[in-house]
Structure formats: C-alpha cells, structure tokens
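Asks: Dropping a structure here in structure tokens format, bear with me for questions.
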Amino acid sequence: MAVVLHTGPLFWTRLCAMVFACVAFSVAVHGGQLHHGTGDWCIFCWAFSFAGSLLVLLVELFGLQARAPISWKNFPITFACYAALLCLSASVIFPLYYVKGDHSYSEVHNLRIVSTVFSCLATVCYLSEVSISKARPGEVAGYMATAPGLLKVCETFVACVIFVFVSDPVLYDRHDALKYCMSVYCVCFILSAAVIVLCVGECTGCLPFPFARFLSGYALLAVVLYLSATIVWPIFNFDNKNGGYKNRPSQCSNAMGLCQWDKTMAVAVLTGVNFLLYLADLITSARLVFVSA
C-alpha cells in the first residue's frame, strides 16, 4: 500500500491539532487529579479530537479516501469543526473548575495549566483547519465546506449544550410552555443532524425532493421555532408572574459550578445564539438556492 504524504499547510495544521489535543488529555490524566464530571467531559473532548485527527491523517496518508464509505469532501471539515467546538468548550470549562481559585502552585496546579494551554492551542489549530478547508467563492466543494454546512455543525453543538443544561436538573417540566421550548430544541436538532448525516453519507440524492429547497424551507421553519423559544423561555423562567426568578439567588454564589438559575440563564442565551445561527443559515441557504437556480 503506497504512502502519500502531502506536506501542505492543511497537513501540518492537522498534525499540530492532533499533538496538542494528545498532550492536553495526557497531562490531565497523568497528574491533573480530576475529581468532577466536568473533567471526564474535557478528557472526552481532547481524546475524541485526537482520535478523529489521527483517523483523518491515516486515511489521507495511505490514500484511502476513495474506499471510505463516507464523503471525504464533507467528513474532514465536519469533524474539524466539531473538534474546534469541543476543544473550545474544554478550554473554557477546564480552567473554571480546576484552575480558578487554586493558588497552591503545586505540581498538580501546573499540570492543569499546561492542559489548558494545549487545549487552547488545539482549538486554534482546529479553527485554522476549518478556515483552510472551507469553500472559497466559485470553488466546487462539499456542502459541509460551505457556510450553511458549517452553521449546521454549530447549531447541533449548541443544541447539545442546551440539552446538558436542561437535563440536570430538569428545567422544562414546570410548565407546558417550557416543554414546547424543549420540543423546539429536539426537532431542530434532529433535522440539522439528519442533514449532516445525509451530506457526510452522500445520501442527499435519495430524497424525493430537491435538497437545496428543503434546506431553505427547514431553515425558515427553524428560525420561526427558535424565535418563539427565544421569547417563551425567558418569560416562563424569569417573570415572577409565571413562577420565575428575575434576580440570581444568593445561594448561587456559594455553589460549585453553575446553579439552576445559571443554567436557566445559559439556556436562554444559547437559545438566542441558535436563533441567530439559524437566521444566518436561512440567509446563506436562500442565496445558494438562487445561485443554483
């Protein structure tokens, strides 16, 4: 089996990202003394990113792109975008739980700082990989390399973060309006994830309707749904008339991590973020339809 080594900027960026992610989780596991569930999440982010980068490098090193059962025009940039978001979340969460407030300057503290630094470096490398791989104007590329494709990766990631916040403790079972918001998050996540799977699996031609017009119609529906959730969620969580709390409770100041009110506020902010992402998705998807027409 012939080895094909293309030592361009993309190769070195992927290699650096893989090495930085490997160092981040290796140092954290070796001496970070992680004792909280958030530590497991950070380890997963770095290990998943490392394993995916290693897979991409090996496939391209041995020239196995044509034998892969997925679209190689779409998979590497999709993975790089997810890896960038995962490492970014770990770069924020890890120092908040394991570096902030620790003034011992012990070996454990220093190793945690090293993991944080290499996590930030991995994030920069993955963002650089996405920037290098994304489609340029007039360039023929896979859908996931375009702006709407990258936006769908961000939409699904934000939705996953929302699911984490609303599940522990359960924040949506107090009122039917909040259950409606949860249904909005689920429906839009499922459809966005389905689009990504169809593109990576090269199954868009199996649909009984034009894929581009489906994307525009779905983006319009998602914008309307998320706009309603952006309005409804704060009303039924922060309005005293609906049993909410406008001000942050005093006990939240002594809580480790995020208290229930903090998570509720985070969901409100992330709902607004996803609304803006879907709005941008609608605009760019509509432009693709008009250009193809």
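Asks: Could you grab me the full set of residues in the stretch 146-202 that are surrounded by fewer than 14 Cβ atoms within 10 Å (Cβ to Cβ) and among the acidic types (Asp, Glu)?
Replies: Result: ASP168, ASP173, ASP176.
Asks: Name every residue in the stretch 121-143 that is part of a helix (DSSP H, G or I) and either out of contact with any Cys (no Cβ under 8 Å at 6 or more places or on another chain) or modelled with pLDDT under 90 (or both), in order of residue number.
Replies: VAL124, LEU127, SER128, GLU129, SER131, ILE132, SER133, TYR143
Listed here are the residues, each with its yes/no results for (1) more than 19 Å from ILE77 (Cβ to Cβ); (2) not aliphatic (A, V, I, L, M).
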residue	(1), (2)
SER133	no, yes
LEU151	no, no
CYS154	no, yes
ASP173	yes, yes
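Asks: Additional query: Please work out if LEU220 is open to solvent by less than 40 Å² (accessible area, probe 1.4 Å) and in a helix (DSSP H, G or I).
Replies: When the stated conditions are applied, LEU220 does not pass them.
Asks: A further question follows. Step by step: first the residues of the stretch 69-91, then only those that are outside any helix (DSSP H, G or I) and open to solvent by less than 20 Å² (accessible area, probe 1.4 Å), then the one that is farthest from GLY201 (Cα to Cα). Which residue is that?
Replies: ASN74
Asks: Looking at ALA219, ALA177, which one is within 25 Å of CYS259 (Cβ to Cβ) and among the small types (Gly, Ala, Ser)?
Replies: ALA177
Asks: If you don't mind, another one. What about ALA66, is it open to solvent by less than 50 Å² (accessible area, probe 1.4 Å) and either not in a loop (DSSP other than H, G, I, E, B) or not hydroxyl-bearing (Ser, Thr, Tyr) (or both)?
Replies: no
Asks: In the stretch 48-79, which residue that is closer than 19 Å to LYS134 by Cα and of a type in the set (Val, Ile, Thr) is nearest to the chain's Cα centre (by Cα)?
Replies: Restricting to residues being closer than 19 Å to LYS134 by Cα and of a type in the set (Val, Ile, Thr), the top hit is THR78.
Asks: Here is a check on your reading of the model: is ARG174 of a type in the set (D, E, K, R) and assigned to a helix (DSSP H, G or I)?
Replies: Spelling it out, it is not the case that ARG174 is of a type in the set (D, E, K, R) and assigned to a helix (DSSP H, G or I).
Asks: Assuming GLU107 fulfils every condition listed in (1) farther than 30 Å from GLN33 by Cα; (2) of a type outside the set (Val, Ile, Thr); (3) surrounded by fewer than 16 Cβ atoms within 10 Å (Cβ to Cβ); (4) touching a residue at least 24 places away in the same chain (Cβ under 8 Å) apart from one, which condition is it?
Replies: Answer for GLU107: the failing condition is (1).
Asks: Quick one: is TRP46 of a type in the set (A, V, I, L, M, F, W, C) and in a loop (DSSP other than H, G, I, E, B)?
Replies: Details: of a type in the set (A, V, I, L, M, F, W, C): yes; in a loop (DSSP other than H, G, I, E, B): no.
Criteria not met by TRP46.
Asks: Here is a check on your reading of the model: is THR264 touching a Leu at 6+ places or on another chain (Cβ under 7 Å), surrounded by 15 or more Cβ atoms within 10 Å (Cβ to Cβ), among the polar types (S, T, N, Q) and touching a residue at least 24 places away in the same chain (Cβ under 8 Å)? Spell out how you get there, then give the answer.
Replies: On the way: touching a Leu at 6+ places or on another chain (Cβ under 7 Å): yes; surrounded by 15 or more Cβ atoms within 10 Å (Cβ to Cβ): yes; among the polar types (S, T, N, Q): yes; touching a residue at least 24 places away in the same chain (Cβ under 8 Å): yes.
So THR264 fits the description; yes.
Asks: Which members of the stretch 249-261 meet the condition of being modelled with pLDDT of 80 or more and either open to solvent by 70 Å² or more (accessible area, probe 1.4 Å) or among the small types (Gly, Ala, Ser) (or both)?
Replies: If the condition is that a residue be modelled with pLDDT of 80 or more and either open to solvent by 70 Å² or more (accessible area, probe 1.4 Å) or among the small types (Gly, Ala, Ser) (or both), then GLN260 is the only one that fits.
Asks: Can you tell me which residues in the stretch 49-62 are in contact (Cβ under 8 Å) with a residue 12 or more places away in the chain and either open to solvent by 60 Å² or more (accessible area, probe 1.4 Å) or not in a helix (DSSP H, G or I) (or both)?
Replies: Selection gives LEU54, PHE62.
The values are calculated or read from the model by the stated rules, or taken from the named source; none is laboratory data. What you see is a predicted model; the values in this text were computed from it and never measured. Positions of Cβ are backbone-derived with ideal geometry, glycine not excepted, and every protein chain shown enters the neighbour counts. For accessibility, only protein heavy atoms count, side chains too; no ligands or nucleic acids. Shrake-Rupley method; radii C 1.70, N 1.55, O 1.52, S 1.80 Å.
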